[in-house]
Amino acid sequence: GSRRPCSRPEKVHPDHSSRAHYDNIEPPPKIMSVILATAGQDDKIRFWEAPSGICSRVLRYADSQVNCLEITTDKQYLAAGGNPHIRLFEINNSSNQNPILCLEGHTGNVTSLGFQRNGRYLYSGSEDGTVKLWDLRSPTYSRSFDSKGPVNSVALHPNQAEIISGDQNGSIK
C-alpha cells in the first residue's frame, strides 16, 4: 500500500455502512485507542495510526530538537522535552497545533520526563544536573533537586511519592 507523507495529515472517517451518507457533517473527533508519537532532530512531533502506519498529525516544536516524549495515562496530553524547555500539547484537539503550556526552568537538554498517575504533576531530568517537579497548574517548577551530574533518566516509584534518577556519573538517587 501507499503511504501519505507526514506533511499532509489525513482525516479518517469512522467505519460506517455503505448506506450511510454525510452531507457537510463533520464526524466526531477520532480518539486514538493506541497513541504512537515520534520526534527527534527535525523539530517535529508526529502522531501515527498504529494499525496502518499512516502519519495522522504533525506538530512543530520550534527552537529545539525533541529529546523525549511522554503521554498522560488518560491519553489527553503529550509532554515534549527539548533544549531547555518542556511543552505540553493536547492530543485529541487536532485544530490546536500550539502547546497549551510551556515549562521553563531547565538550562540544558531535557533528557527524561514523566507524569504522576493522575496527570497533575510532571517530573523531568536534564543535562543541567537537576530533577524538577512541576505542578501543571503553574508554568514554573515547584521543586528542584541537584543531581550533581547530567541526568539521563527519571522515573516515578510505584508509590507515586518518590522520584528516582540516574545520572552520567553513574549515580542512582
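So which of Lys75/Lys148; Lys44/Lys75; Lys44/Lys132 end up more than 26 Å apart, counting from Cα to Cα? Show your work: numbers first, answer last.
Values: Lys75/Lys148 34 Å; Lys44/Lys75 19 Å; Lys44/Lys132 24 Å.
Those over the limit are Lys75/Lys148.
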Given +1 on the Cβ of Lys and Arg, -1 on the Cβ of Asp and Glu, and no further charges, what dipole in debye does region 81-173 carry about its Cα centre, rounded to the nearest 20?
220 debye
What value does region 108-173 have for Rg/Rh, both radii from Cα atoms and Rh as Kirkwood defines it?
0.95
Inter-label distance, nm, simple model (7 Å from Cα along the C-beta direction), Ile164/Asn93:
3.5 nm
Pop a pseudo-label 7 angstrom from the Cα along the beta-carbon direction at both Arg117 and Gln76 and give the gap in nm to one decimal.
1.7 nm
Quantify how much of the Cα-Cα distance distribution of region 31-173 extends past 24 Å, in percent.
28 percent
Ile172 versus Ala62: modelled label distance in nm, points set 7 Å from Cα along the beta carbon direction
4.1 nm
Placing unit charges on C-beta atoms (Lys and Arg positive, Asp and Glu negative, everything else neutral), compute the dipole magnitude of region 33-130 about its Cα centre in debye, rounded to 20.
300 debye
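If R0 is 25 Å, what FRET efficiency do you get for Asp43 and Leu156 from their C-beta distance, rounded to 0.05?
Working: r = 28 Å, r/R0 = 1.12.
Result of the calculation: an efficiency of 0.35.
Quick note: the coordinates plus some simple rules give every number you see, no bench work behind them. All values derive from a computational prediction rather than experimental measurement. For neighbour counting, all protein chains shown are included, and Cβ atoms are generated from backbone atoms with ideal geometry for every residue, glycine included.
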